[in-house]
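A quick write-up on the structure given underneath.
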Amino acid sequence: MRGTATGGAKRSRSAPYLLGLPALAYLGIFFVIPLVTLLKMSLSTNVGSVYEPTMVLDWHWANYSDAFSSYGAQFSRSFLYAGIATVLALLLGYPLAYVIAFRAGRYKNLLLGLVILPFFVTFLVRTLAWKTILSDTGWVVSLFDLLHVPMPDGRLLSTSWAVVFGLTYNFLPFMVLPIYVSLEKIELSLVDAAKDLYSAPWRAFRAVVLPLSLPGVFAGTLLTFIPAAGDFINAQYLGSAQNAMIGTVIQKQFIVVKDYPAAAALSFVLMAMILVGVLVYARVLGTEELT
Amino acid sequence: MGDEGVEPEESATAVAAAGAGSRDTIELDRVTKTFGDQIAVNDVGFGIAEGEFFSLLGPSGCGKTTTLRMIAGFEVPTSGSIRLAGADVSHVPPYKRNVNTVFQHYALFPHMTVRNNVAFGPRSKKVPKADARSRADEVIRVVRMEDFADRKPGQLSGGQQQRVALARALVNYPTALLLDEPLGALDLKLRQAMQLELKRIQREVGITFVYVTHDQEEALTMSDRIAVMSEGRVEQIGSPTEIYDAPATVFVAGFIGQANLWPCTVVGARNGTTSVEALGATLTAPSDEASPEGEATLMVRPERVRVSATDPRPAPGVNATVTDLVFQGPVIRLALAAADGSEIVAHVGSDHDLPFLRPGDEVTASWDTGAGRVLPGRPPAMDADDYFDEELAEDWESAPR
């Protein structure tokens with residue numbers, strides 16, 4: 001009897017690893033292998049033609065320096081747009097998540113449904129819809145004209161505003177949902193306790209609710225910033241050549257120009273920059289939480 | 001204890017008469033709270049003296065927690081007023097009231113250390129960081145948690161979290177400390193230790209404690225006075241001995257301790273005694289100005305019932321048949337059936353000269369006249385020992401009468 005019991009305990013200890021195995025194998029095949037291929041490609045030279053590329057791994061580090069020197073503007077624009085979009089999504093998303101978590105009452109599920117609703121229509125289609133809405137002949141521009149709202153060059157489409165707007169719009173749910181989850185977990189008695197201990201509503205929020213919701217803010221900003229920094233749809237359809245982002249460049253290099261080594265090097269640079277940014281961000285937010 | 005029993009009663013009547021300007025720290029005046037069409041607290045009024053340990057006792061849903069939350073400021077009374085130290089605070093938010101709450105599940109801030117939790121109140125009041133810290137450390141010592149000051153609540157046991165919650169409230173020197181079933185989440189042994197600890201701390205700091213509990217034993221052990229609540233109303237306010245020996249209503253008699261509750265008919269009152277017909281006999285009980293007439297309930301505590309098998313029987317006495325006999329350690333619990341079929345429960349101590357009894361034996365049950373009490377209204381339709389069951393008491397509480 002005893003032997004069986006310990007055997008069972010042993011099995012359950014290894015169970016988490018076994019359960020994780022399929023996902024690990026999947027990632028190993030579909031993430032690590034392409035990544036290694038891409039890394040090799042980024043250090044290769046195309047000795048074939050554009051139509052029949054032949055890659056030779058000749059440790060061509062110049063691909064990387066070219067990536068920086070040729071597309072520095074697009075890189076910094078990407079991080080700027082993604083940064084602004086993330087901040088806007090946070091400013092819009094946090095209050096929305098707060099209202100859904102604490103004030104919505106019986107409308108909670110309805111509001112959550114509305115946040116998720118845009119996912120039922122493809123990302124691309126929604127962005128194209130905005131292209132029509134924001135177009136020079138669209139009703140928004142006419143209305144702004146009528147109200148004398150200043151617009152850059154008298155238009156909305158093909159401006160950096162439109163790109164940032166599109167990014168904010170498209171990634172807002174990724175901001176709202178994680179923040180909602182972390183706010184939802186906060187026990188209301190903690191807010192009562194803060195108020196009981198002489199905290200006016202704002203300090204109760206600042207000292208208790210906000211720090212406890214930081215994990216959600218962290219997840220939400222990453223889920224917004226990372227895809228926004230690499231996004232190519234918004235810049236392509238809502239922007240112009242003047243506000244192209246790095247995602248657009250990578251996509252063009254791969255699909256139009258077919259300069260695979262350059263595209264691969266650009267991808268790696270983007271990845272590295274995001275990774276460093278995230279680590280710094282995690283470090284800052286992590287220490288903030290302790291104080 | 002005997003003398004103390006009388007004194008708070010006087011202060012309670014004084015509050016009812018005097019209202020504003022009395023010496024009570026907390027005063028509730030005709031307070032009602034409704035949620036939608038649900039009446040949670042119904043026309044409640046009482047005063048709590050400075051330094052008093054005051055309990056709000058009742059089954060869940062009786063309005064005791066809502067009453068406490070109104071004193072704390074989390075709920076605004078629908079009507080009536082609440083005064084703290086003489087000032088009307090009915091519409092003052094909790095963060096502007098000088099009372100502090102110990103929450104049922106402690107509500108410690110999980111992202112802060114014990115010290116920062118305790119220093120939270122002073123820091124909100126803009127006490128300089130160093131002062132707040134030393135004050136926190138001082139109170140942490142009072143609750144004997146100095147070895148855990150740098151831990152976070154998640155690393156503490158239930159009892160330790162309880163102490164921190166207490167320290168976090170006491171550090172503010174509140175006018176009154178409000179405790180919402182603070183020991184509810186602890187196991188029995190720890191709960192009893194914490195009861196004594198709470199009493200010690202209350203004596204040490206001399207602050208008014210308002211204690212919400214559904215545990216009658218806890219309330220009897222710790223309180224100077226108890227307000228027994230049922231269905232949003234205060235059924236009785238008094239010292240533990242008053243509540244136990246002289247319950248004002250059938251509900252109080254059944255909720256506090258164990259009680260025999262028999263339907264009876266009042267047939268007359270004379271010279272301080274009331275005659276009633278119950279259990280197929282004419283019995284007497286002491287009467288006061290509040291004694292009911294007509295259909296009523298006769299209450300006798302099981303430990304006051306004497307059982308004898310011998311004739312001549314002592315008067316007043318009731319003939320009964322033994323139906324059940326259970327050894328319960330300190331007492332033997334005897335269930336008897338009276339001539340009219342009512343059940344009589346008697347708790348007989350081991351030092352009692354009890355004749356050897358078995359079910360079916362004819363006996364006489366008796367008690368001192370002073371042990372009986374005539375209460376208004378009919379007893380609930382349920383026999384005496386079901387009554388001790390808390391859940392059933394709650395069911396009865398919510399059932400229409």
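The values are calculated or read from the model by the stated rules, or taken from the named source; none is laboratory data. Source: prediction; values computed, not measured. No Cβ is skipped: glycine too gets one built from the backbone with ideal geometry, and neighbour counts run over all protein chains shown. Surface accessibility is based on the protein's heavy atoms, side chains included, excluding ligands, DNA and RNA. Shrake-Rupley method; radii C 1.70, N 1.55, O 1.52, S 1.80 Å.
Some observations on this one:
- In segment A:22-31 there is no residue matching the filter, namely being at pLDDT 90 or above and touching a strand residue (DSSP E or B) at 6+ places or on another chain (Cβ under 9 Å).
- Residue match in segment B:144-152 (condition: away from chain A (no Cβ under 12 Å) and free of Cβ contacts under 8 Å to residues at least 12 places away in the same chain): yes
- Some residue of segment A:260-267 being open to solvent by 20 Å² or more (accessible area, probe 1.4 Å), assigned to a helix (DSSP H, G or I) and closer than 30 Å to A:I179 by Cα: yes
- Evaluation of A:V56 against (1) assigned to a strand (DSSP E or B); (2) farther than 25 Å from A:I250 by Cβ (one fails), failing number: (2)
- Qualifying residue in segment A:201-223 (condition: charged (D, E, K, R) and either within 14 Å of chain B (Cβ to nearest Cβ) or over 24 Å from B:Q161 (Cβ atoms) (or both)): yes
- Search result, residues across segment B:140-152 that are open to solvent by 10 Å² or more (accessible area, probe 1.4 Å) and not in a helix (DSSP H, G or I): B:R144, B:D150, B:R151, B:K152
Residue by residue, here is whether (1) touching a residue at least 40 places away in the same chain (Cβ under 8 Å); (2) open to solvent by 30 Å² or more (accessible area, probe 1.4 Å); (3) assigned to a loop (DSSP other than H, G, I, E, B); (4) of a type in the set (A, V, I, L, M, F, W, C) holds:
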{"site": "A:P150", "(1), (2), (3), (4)": "no, yes, yes, no"}
{"site": "A:P173", "(1), (2), (3), (4)": "yes, no, no, no"}
{"site": "A:A204", "(1), (2), (3), (4)": "no, no, no, yes"}
{"site": "A:P227", "(1), (2), (3), (4)": "yes, yes, no, no"}
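- For segment A:176-200, the tally of residues that are outside any helix (DSSP H, G or I) and facing chain B (nearest Cβ under 10 Å) stands at 6.
- Residues being over 19 Å from B:T101 (Cα atoms), in contact (Cβ under 8 Å) with a residue 12 or more places away in the chain and open to solvent by 40 Å² or more (accessible area, probe 1.4 Å) - total across segment B:153-172: 1
- Each residue in segment B:49-74 was checked for being under 22 Å from B:F251 (Cβ atoms) and part of a strand (DSSP E or B), and 4 pass.
- Subset of segment B:80-127 (residues that are open to solvent by 10 Å² or more (accessible area, probe 1.4 Å), free of Cβ contacts under 8 Å to residues at least 40 places away in the same chain and assigned to a loop (DSSP other than H, G, I, E, B)): B:V89, B:H91, B:V92, B:P93, B:T113, B:K126, B:V127
- Those residues of segment B:218-233 which are open to solvent by 40 Å² or more (accessible area, probe 1.4 Å) and more than 8 Å from the chain's Cα centre (by Cα), in sequence order: B:T221, B:D224, B:E231, B:R233
- Residues in segment A:70-98 that are loosely packed, with under 15 Cβ neighbours inside 10 Å and under 16 Å from A:A272 (Cα atoms): A:G72, A:S76.
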